[in-house]
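Trainee: Sharing a structure, written as structure tokens. Questions coming.
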Amino acid sequence: MADLDSLMKLDGAEAAFKFSPSGELIEHKLADGSSLNESALDLLSHVCVANMSIATMQARGWENMTGMQGFYPIEGFTMVGFDWTAVANGEYGVVIPNDKVDYEKAYAALA
Amino acid sequence: MIKRLMALDGVMAVCHFRDDGMLVEGYGMPQQEMLAGLAKFAHDYKRMVQGNADQLAMFTQVNGWTPPGGWVVRGPKTAVCSVGNVVCVIDNNGSSLNEIMQQLTEASRW
Amino acid sequence: MTIINELAGINGVIAAGEYSYRGDRFSYQGQLDEEKARMASIMCRATTMAVHMQTDMMKSLNADCGCAPSRGWVVRGAQFSVCVIANVFCFIDNNATSLNEIIKLMRDKVPNQDAQLV
């Protein structure tokens, strides 16, 4: 089960956050000196929820049409930004700089 | 031409944008940058809705979704609605969404 | 060797391909038929457009902190994941390949998309 403290222990973690199914930021933690803030994480939460929802529509449509199972249910969404990456899974997310991100460890910590 | 949309009840701002998202003309906001921002948002949102409509048509195999005619995003007090390359911001109280969508549809053909 | 060839040759990669931002062409290699690859390119393009808009909007709302311009995205499914950097997509089996290696290769070799997505 993910929690903010264990997410903040990921190498390079800038921020960890929890969001509601509709995308509202519920709680968050920021690394010392991080340039992120609560309002940025709130927007990011909505981005993650929106894309997981669209991905779910795509997975359902894809599996119905092709018979190729394995995408549904969508577990996570990652946004690779120019400098940092946000990895979200379920109702938690973590932000890590691109040069330090370990996607597999992040998803394991978010599981 | 789109300036006449400002005469409709509840219309707060209106703008016309090019296919690349650049502002052609706009009214109802104090700064040109705000109108340019509305134009870019409407352009980007239009592309996103088009992408989603394309997928809906692809997955449902039902005609009638594409090409999308327009979109409305409705908040508690304000809504943004767009048809073609014309977008407007409206006050939900005192405006008729039906009338505005009809007028937007006509304006998008000008 | 192109990035598509390189990705398609990796164990655990189901298919890799490329789409135009205008949506008028695509190419691919791997274990998908032409119709599935066409659908995959439509889906990936739509999500790329949405993510690009979202990151631009975050930047314009002063919540940037390094997100824009977007480089790409990953959707993780129960068994498979879809990885996209710019206009290159890659479908992978989660249990048969390393997401880290795939994304690193794509980030290193796929150039940044230009702002107009053309």
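The values are calculated or read from the model by the stated rules, or taken from the named source; none is laboratory data. Bear in mind the structure is a predicted one, so any value in this text is a computation, not a measurement. With ideal geometry, Cβ positions are generated from the backbone for all residues, glycine too; neighbour counts draw on all protein chains shown.
Trainee: Got a number for residues in the stretch C:4-46 being modelled with pLDDT under 95 and β-branched (Val, Ile, Thr)?
Mentor: Residues that pass the stated criteria total 1.
Quick grid of which residues meet (1) over 14 Å from the mean Cα position of the chain (by Cα); (2) buried (at least 19 other Cβ atoms within 10 Å of the Cβ); (3) free of Cβ contacts under 8 Å to residues at least 24 places away in the same chain:
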position	(1), (2), (3)
B:21	no, no, yes
B:53	yes, no, yes
B:57	yes, no, yes
B:70	no, no, no
B:86	no, yes, no
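Trainee: Given the structure, is residue C:51 crowded, with 23+ Cβ neighbours inside 10 Å and at pLDDT 95 or above?
Mentor: So residue C:51 fails the test.
Trainee: For the subset of the stretch A:70-89 comprising residues that are part of a loop (DSSP other than H, G, I, E, B) and either more than 7 Å from every other protein chain (Cβ to nearest Cβ) or closer than 11 Å to residue C:76 by Cα (or both), which member is nearest to the chain's Cα centre (by Cα)? First the steps, then the outcome.
Mentor: Taking the stretch A:70-89 and keeping what is part of a loop (DSSP other than H, G, I, E, B), we get A:70-75, A:81-83.
Narrowing further to those that are either more than 7 Å from every other protein chain (Cβ to nearest Cβ) or closer than 11 Å to residue C:76 by Cα (or both): A:70-75.
Values: A:70: 20, A:71: 17, A:72: 17, A:73: 15, A:74: 12, A:75: 10 Å.
Checking each candidate, the answer is A:75.
Trainee: Could you tell me whether any residue of the stretch A:90-98 is outside any strand (DSSP E or B) and crowded, with 22+ Cβ neighbours inside 10 Å? I'd like the intermediate steps shown before the answer.
Mentor: Start the filter on the stretch A:90-98 by keeping residues that are outside any strand (DSSP E or B), which leaves A:90-91, A:98.
Keeping just the survivors that are crowded, with 22+ Cβ neighbours inside 10 Å gives none.
There is no residue in the stretch A:90-98 that is outside any strand (DSSP E or B) and crowded, with 22+ Cβ neighbours inside 10 Å.
Trainee: OK, next. What tally of residues in the stretch B:1-54 results from selecting those that are within 15 Å of residue C:53 (Cα to Cα), in contact with a strand residue (DSSP E or B) (Cβ under 7 Å, 6 or more places away or on another chain) and of a type outside the set (Gly, Ala, Ser)?
Mentor: Of the residues in that region, 5 qualify.
Trainee: Within the group C:60, C:98, C:41, which residue is of a type in the set (Ser, Thr, Tyr) and facing chain A (nearest Cβ under 9 Å)?
Mentor: Working: C:60 fails: facing chain A (nearest Cβ under 9 Å); C:41 fails: facing chain A (nearest Cβ under 9 Å).
None of the others qualify; the one that does is C:98.
Trainee: Which residue is surrounded by the most Cβ atoms within 10 Å (Cβ to Cβ), if the candidates are limited to the stretch A:48-73 and must be at pLDDT 90 or above and among the β-branched types (Val, Ile, Thr)?
Mentor: Top of the filtered list is A:54.
Trainee: Determine whether the stretch A:31-43 contains at least one residue that is within 10 Å of another protein chain (Cβ to nearest Cβ) and either surrounded by 24 or more Cβ atoms within 10 Å (Cβ to Cβ) or at pLDDT 95 or above (or both).
Mentor: yes
Trainee: Also, quick follow-up: Just to verify a result, which residue in the stretch C:68-95, among those that are more than 7 Å from chain A (Cβ to nearest Cβ) and in a loop (DSSP other than H, G, I, E, B), is nearest to residue C:25 (Cα to Cα)? First the steps, then the outcome.
Mentor: Narrowing the stretch C:68-95 to residues more than 7 Å from chain A (Cβ to nearest Cβ): C:81-84, C:86-95.
Then keep just the ones that are in a loop (DSSP other than H, G, I, E, B); that gives C:86-87, C:94-95.
On the way: C:86: 15, C:87: 11, C:94: 28, C:95: 31 Å.
Taking the candidates together, the pick is C:87.
Trainee: Sort out for me the strands (runs of 3 or more DSSP E) sitting completely within the stretch B:6-110 that have 3 or more residues that are at pLDDT below 90. Spell out the reasoning first.
Mentor: Working: elements: B:11-17, B:23-27, B:70-74, B:78-83, B:86-91.
Where strands (runs of 3 or more DSSP E) fall fully within the stretch B:6-110, none carries at least 3 residues being at pLDDT below 90.
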